[in-house]
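For reference, the structure is listed below as structure tokens.
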Amino acid sequence: MTEQDQPNSLSEFSNDDQDNGALPEPEEANVLISDQVQVQDDYKTIEQEMKQEDSLRQAREDPAPPVEKAPLLPLYELVVLPAMSSSFEVARPGSVAALKEAMASDLTLLLAPQLDLSADWPVPDQIAPIACLAKVTELLEVKNRPAYRVKVEGLSRVKLTDIREAGAEAGYKALYQRLTAQAEPEPDLKLEALRRNLTDAFRQYVMVTGRGSVEVVNSLRQIKSGDKLTDLICSNVDLSYSDQIDQLTEVSLLKRMLKLLQKLQTEIAVAGMQHDIEEKVKQKLDQYQREYYLREQLKVIHDELGDEESSEEESQRYLDQLKKMPFDAKDRDYLEKEIHRLAKYPPNFPEAAVSRSYLDLVFELPWGHCSKDKLNLAACRRQLDRDHYGLQTIKERILEYLAVMKRQKSMKDETYKAPILCLVGPPGVGKTSIAQSIATALGRSYIRMSLGGVKDEAEIRGHRRTYIGAMPGRIIQAIKRAGTDNPLILMDEIDKLGSDYRGDPASALLEVLDPEQNRSFRDHYLELNYDLSQVLFVTTANTTETIPDALLDRMELIELSGYTEEEKTEIARLHLWPKQQKLNGLAAGELRLSKTAIHGIIEDYTREAGVRQLEQQLARIARRWLLKKEEKSGPSAAAPNKLLQRRDLTRYLGKSRYHYDLVDTKDLVGLANGLAWTVNGGDMLNIEVSAVKGSGKLQLTGQLGDVMQESAKVALSYVRGHAAELGLDTSYCEKTDIHIHVPEGAIPKDGPSAGITLAVAALSALSGRPVKHQVAMTGELTIRGRVLPIGGLKEKMIAAQRAGVKTVLFPRQNEADLDDIPASVKDKLQLCPINDAQEAFALALAAAPAGNS
């Protein structure tokens, strides 16, 4: 239990004869505070003189006072000084025993502060050596607890010479000697000056802090004793526990007065600072209250006018949002100016709408918020396989990217930059859908952006806000729609970008698609740097020929070739047909397609490298079948078949739309089978050559391009130049006109890969040797007879197998591309790599018929 101090005020020392003058005003208090600085300079001199004074007083001291005995009551966090009346609660057993012993004798007891507050009951060494001899004036017993409420009056300081412990329950008894006050000679001017300074300092303390009253200050002027004055001031000043103990245990009056005066000066200075702070706070509060009052008036005015939000409220809302955004100091200052500018605009001012739209965009962007990536490689592989059949190359590339990202995150390395993928392939092979599957596998937002026909640079970078109707570019708009800084943005048809007087969008994309630059992409409308380094950009194109080299260099190309018939069949069976059944309201298994029916659709009703036309024909079958089923009337009506065969296709799709060229059934002179690549996949190209008597002219028909015309001239030059080696009559070749024709003249044709085919057909026409009808070939021919590599080998092999070709001649340098050809195609073909034209002539030409020269 603890003893709690409840000291009485100094009002008991006042009388009717005292001076009841009022305290000075706060302005006078500030002057007095500054005056005390001069007194502090004299303290050091006074302290030195006090030491000499003390030594003289020691010599004049009376003989030592007698030793007396009294019960000792240790006080917990409480100090009682002489001439001080105090009340507190006594609850500890030892303290109660000491109190009872005092009540049984002369009501006097010793009150000594406890030095170690961590002890529940102090040992003698934990009790102050100087105590206050006090007299009990009141005693009340506390109800329901073994405690007493006691009121005491301090008498004098005493020195404890011996502390005797009678047990924790019996408390302490102590021997003590009274410390009598030293005689204060009348001419001691220094002591009188210190007493007056102490009185004035306490007066200033009361004035500045507001603790005390006029009566208390005036009562001190009547006290002439330095001991009594010091103790009474101590009891009315907010001193710490250690300072109170110091005042009790300090025997020298001069030192005690000096310490108290210094403490008062410190408290006065602190109180003055607090007063200044309070005044400044009050002024601020007054200003805020005034602004609040004006804002409330404006709010009422806006409410009367029907405005939903005042400009001040709007500006404050923007400022509150700005505090939560991770902007640097420069961007934050820029936006604060924009917000303050908006607050000054009238509500219906046009510039206000522009500024408001701009700020709305800024605070709607994610600014560093990223969605969590799914880095489970097995789950991502299953997702990609579930959505797409085949496309192993791109699937492996995506999984490589995920593996690297997973490792970088485990190492907490943020330097890895997302790749820029460009999917190149013919229409319908799944470029767009594979990008969506990638986003699903990663758990990222998916945004598709079509660039076909875009000609304005502002579509990418945005318009400057000086223009009417200005808006951000497509990149920033995509980030806004995604809501995260790491979406997957698909830039579809990047090969179809245009350019005109408004700028070149492809040039604007150079910064967007460069991992080294897009960390600080700057939109003309936003006018703030935005980090695009976390975005996964995927672009699609049908060809790379129209993409600028600088832009193409920034992207990683992944080529998607056309599907084989087997792959199309599996895609239709696993993906397309179930999808069309659901879209057209057919239950699972209600209508089934045989494999022969799917093959018939692919061969007779589609002509493409992808599966887009195939999906359209499947949808048409589902609609037609459902219509026939719904239109049946009566029980005698025949229900449509639930399993469609190839022979049933004409009932739902009509007559066949396409017929693939098949090889002839016999060897012919001047007819060679070439292989070509188109955007729809591979195709077989028949090349016809006719030799007639003339002057050696060359005629080309079939709408051939410049490159193909040059290939025809090279092929004919090679044959004529090596006529002797090939067994031809030189004079006959010089007097023979050559006519080269490629059927389907309405379709433009170009490219160098038909060079070897043209040479074989020309030699066949001049020599009369027929070309083997089951042989097809491809390769660029040089004037020296070398066969150079070509592109699109996979598509050409598929076309050859579809046309019934048995043997394919191709450049030897393309042997590495054979790994891309499906095994189902290679197993049905005899593949013959060649280095020069002579090898092709030997493999492609049959022996000349009998009688032909």
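Out of curiosity, is Met684 in a strand (DSSP E or B), in contact with a strand residue (DSSP E or B) (Cβ under 9 Å, 6 or more places away or on another chain), among the aliphatic types (A, V, I, L, M) and buried (at least 17 other Cβ atoms within 10 Å of the Cβ)?
So Met684 fits the description; yes.
Just the residues that are small (Gly, Ala, Ser) and more than 12 Å from Leu497 (Cα to Cα), please, taken from the range 524-550.
Within the range 524-550, Ser533, Ala550 qualify.
Give the residue that is nearest to the chain's Cα centre (by Cα), with candidates limited to residues of the range 186-217 that are more than 21 Å from Ala269 (Cα to Cα) and either at pLDDT 75 or above or open to solvent by 50 Å² or more (accessible area, probe 1.4 Å) (or both).
Applying the filter and picking the extreme gives Glu215.
Checking the condition assigned to a helix (DSSP H, G or I), over 26 Å from Tyr467 (Cα atoms) and modelled with pLDDT under 85, which residue from Gln321, Gln316 passes?
From the options Gln321, Gln316, the qualifying one is Gln316.
Could you list all residues from the range 433-489 that are without any contact (Cβ under 8 Å) to a residue 12 or more places away in the chain and either over 30 Å from Tyr401 (Cα atoms) or in contact with a His (Cβ under 7 Å, 6 or more places away or on another chain) (or both)?
Thr466, Tyr467, Ile468, Gly469
To keep it simple, each residue is scored yes or no on (1) modelled with pLDDT under 80; (2) under 30 Å from Gly610 (Cβ atoms).
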site	(1), (2)
Glu296	yes, no
Glu312	yes, no
Glu336	no, no
Leu361	no, no
Arg381	no, yes
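Of Arg620, Arg651, which residue is modelled with pLDDT of 85 or more, under 23 Å from Gly681 (Cβ atoms) and in a helix (DSSP H, G or I)?
Only one candidate passes the filter, namely Arg620.
Give me a count of the residues in the range 323-369 that are in contact with a Leu (Cβ under 7 Å, 6 or more places away or on another chain) and of a type in the set (Lys, Arg).
2
Among the candidates Lys794, Lys826, Lys772, which residue alone is closer than 18 Å to Lys666 by Cα, open to solvent by 10 Å² or more (accessible area, probe 1.4 Å) and not small (Gly, Ala, Ser)?
After ruling out the rest, the residue left standing is Lys772.
Tell me which of these Ala803 doesn't satisfy, since it passes every other one: (1) open to solvent by 10 Å² or more (accessible area, probe 1.4 Å); (2) modelled with pLDDT under 90.
With (1) open to solvent by 10 Å² or more (accessible area, probe 1.4 Å); (2) modelled with pLDDT under 90 applied to Ala803, the lone miss is (1).
Let me confirm something: among Ala131, Ala119, Ala174, Ala98, which residue is small (Gly, Ala, Ser), within 60 Å of the chain's Cα centre (by Cα), under 24 Å from Gln244 (Cβ atoms) and modelled with pLDDT of 85 or more?
The match here is Ala119.
Identify all residues within the range 376-390 that are surrounded by fewer than 17 Cβ atoms within 10 Å (Cβ to Cβ) and part of a helix (DSSP H, G or I); write none if there are none.
Those that are surrounded by fewer than 17 Cβ atoms within 10 Å (Cβ to Cβ) and part of a helix (DSSP H, G or I): Leu377, Ala378, Ala379, Arg381, Arg382, Asp385, Arg386.
All but one of (1) open to solvent by 30 Å² or more (accessible area, probe 1.4 Å); (2) touching a helix residue (DSSP H, G or I) at 6+ places or on another chain (Cβ under 7 Å); (3) more than 19 Å from Ala800 (Cα to Cα); (4) not in a strand (DSSP E or B) hold for Ala715; state the number of the condition that does not hold.
(1) is the only condition that Ala715 fails.
In the range 106-142, which residue that is in contact with a strand residue (DSSP E or B) (Cβ under 7 Å, 6 or more places away or on another chain), open to solvent by less than 60 Å² (accessible area, probe 1.4 Å) and assigned to a loop (DSSP other than H, G, I, E, B) is farthest from Asp162 (Cα to Cα)?
By that ranking, first place goes to Val142.
Which of the residues belonging to the range 515-555 are modelled with pLDDT of 85 or more, more than 21 Å from Phe327 (Cα to Cα) and within 26 Å of the chain's Cα centre (by Cα)?
Answer for the range 515-555, where residues must be modelled with pLDDT of 85 or more, more than 21 Å from Phe327 (Cα to Cα) and within 26 Å of the chain's Cα centre (by Cα): Leu536, Phe537, Val538, Thr539, Arg554, Met555.
Among the residues of the range 354-366, is any of a type in the set (Val, Ile, Thr), part of a helix (DSSP H, G or I), closer than 28 Å to Gln477 by Cα and open to solvent by 20 Å² or more (accessible area, probe 1.4 Å)?
Taking every residue of the range 354-366 in turn, at least one turns out to be of a type in the set (Val, Ile, Thr), part of a helix (DSSP H, G or I), closer than 28 Å to Gln477 by Cα and open to solvent by 20 Å² or more (accessible area, probe 1.4 Å).
As an exercise: evaluate Ile468 against (1) part of a loop (DSSP other than H, G, I, E, B); (2) within 20 Å of Ser507 (Cα to Cα) and give the number of the one condition it does not meet.
Only one criterion in (1) part of a loop (DSSP other than H, G, I, E, B); (2) within 20 Å of Ser507 (Cα to Cα) is unmet by Ile468, namely (2).
The values are calculated or read from the model by the stated rules, or taken from the named source; none is laboratory data. Quick caveat, the model's predicted, so the values are computed rather than measured. Cβ sites come from the backbone with ideal geometry, for glycine too, and all protein chains shown count toward neighbours. Just the protein is used for accessible areas: all its heavy atoms, side chains included, with ligands, DNA and RNA removed. Shrake-Rupley method; radii C 1.70, N 1.55, O 1.52, S 1.80 Å.
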